[in-house]
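Just below is one structure, and these are the notes that go with it.
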Amino acid sequence: MLHVGPYDDEPQSFKVMNEFIKDNNLEKTSLQHREIYLSDFRKVEPSKLKTVLRYKVKPIE
């Protein structure tokens, strides 16, 4: 998921991701997640920061 905004608001994006996982009969394969920072926090204002948030998932069998 592409999260746009300050890092402190990421829990809202994780909530959306968890709802998507549940609604699409998926499950996380790990409790860990990855964050890929597309913006440099030293050069971009917090409301415009872009971060890719990722979980590893698999279909529920």
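The values are calculated or read from the model by the stated rules, or taken from the named source; none is laboratory data. Nothing here was measured: the structure is a model prediction, and the numbers come from that model. FYI the Cβ positions are ideal-geometry reconstructions off the backbone, even for glycines, and counts take in every protein chain you see. When the accessible area is computed, the model is the full protein with side chains, heavy atoms only, and any ligands, DNA or RNA have been set aside. Shrake-Rupley method; radii C 1.70, N 1.55, O 1.52, S 1.80 Å.
What pairs can you find where one residue is in region 12-25 and at negative phi, the other is basic (Lys, Arg) and not in a loop (DSSP other than H, G, I, E, B), and their Cβ atoms are less than 8 Å apart, with a gap of 6+ or different chains? The qualifying pairs are Ile21/Lys28. Note on region 12-61: residues that are in a loop (DSSP other than H, G, I, E, B) and of a type in the set (A, V, I, L, M) total 5.
Applying the condition of being hydroxyl-bearing (Ser, Thr, Tyr) and open to solvent by less than 80 Å² (accessible area, probe 1.4 Å) to region 17-55 and asking which residue is nearest to His3 (Cα to Cα) yields Thr51.
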